[in-house]
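Have a look at the structure below before the remarks.
The values are calculated or read from the model by the stated rules, or taken from the named source; none is laboratory data. As the structure is a computational prediction, the values presented were derived from the model and not from experiment. Here the Cβ positions follow ideal geometry from the backbone for every residue, glycine too, while neighbour counts run over all protein chains shown.
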Amino acid sequence: MQKKMVGIRQNRSLIRGLKVLSEISLNGPLSATQIARSVELPRATVIRLIDTLVGLGMVQRYVGSKMYQVAEQVLRLSHGYDRWTALTDAAIDAIDRTADNLTWPLVLTTPSGLDMVVRYNTDHQSPLALKRYNIGYRVPIFDTAGGIVFLSYGLEKQKTAYLDLLQAEQGTLDVGRVEQLIQSTLNTGYCIHHRAGSIEKAFAVPIGSEGVFHGSLTMRFIPSAIGLIDIKDKYLSRLIRLSEVISQNLIL
């Protein structure tokens, strides 16, 4: 989704060059005429832009033809933009649009090592957030609803590796208990978990498409304010729908 930059001076030549590069990347190989038609620029302008991109190593021309395709150098543009960045970009607008209606704080988390990392949340928007967590806050995978969702819907080899590690460490959470939580999550499609020492409980569903796990969407709530039956009746379907919207945004 393209966002309009308000109050920012824009370089027209750069914008045109990026439009041409994007068109070649998405739909190439293409001829200059095809590109000009798609980006709605004069063919002569497109040819000048292509020549510049070729000189930078971003675009290459097929030998013996008039067709252009992106070159290996263009991969450098994606350095630092990983799948979690893409997930966050796909989720922010959808979460913000839903936050006011759901009231309770929402959290987007993804796995990183032995932790789940907060990629985005509505703690500063929600009047019911007891604690406001910063972006980048880390929580142990085994002690968070989002982490159990990840273990339930992630790759089987990942789950096995984490459970083996848990067994080796012999921590406060035993493998049997975690396996029960995983099975319950697979049976119901969600996980409810209470972290030790916290007043809040967490209610999480997976974000995924075509069998691929992307992340966890969690709602934190206070059990003394709303019971489990009410939280499921009022919010489960909406949380699942929000997860589906985020997944669709990733595909678009």
Q. Is it the case that some residue within the range 197-213 is among the hydroxyl-bearing types (Ser, Thr, Tyr), at pLDDT below 95 and closer than 24 Å to Thr88 by Cβ?
A. yes
Residues that are surrounded by fewer than 18 Cβ atoms within 10 Å (Cβ to Cβ) and within 15 Å of the chain's Cα centre (by Cα): does the range 214-233 have at least one? no
Taking the range 45-89 and keeping residues aromatic (Phe, Trp, Tyr) and either out of contact with any strand residue (DSSP E or B) (no Cβ under 9 Å at 6 or more places or on another chain) or at pLDDT below 85 (or both) leaves Tyr62, Tyr81, Trp84
request  = Please verify whether the range 117-130 includes one or more residues that are in contact with a helix residue (DSSP H, G or I) (Cβ under 9 Å, 6 or more places away or on another chain), under 30 Å from Tyr162 (Cα atoms), in contact (Cβ under 8 Å) with a residue 60 or more places away in the chain and β-branched (Val, Ile, Thr).
outcome  = no
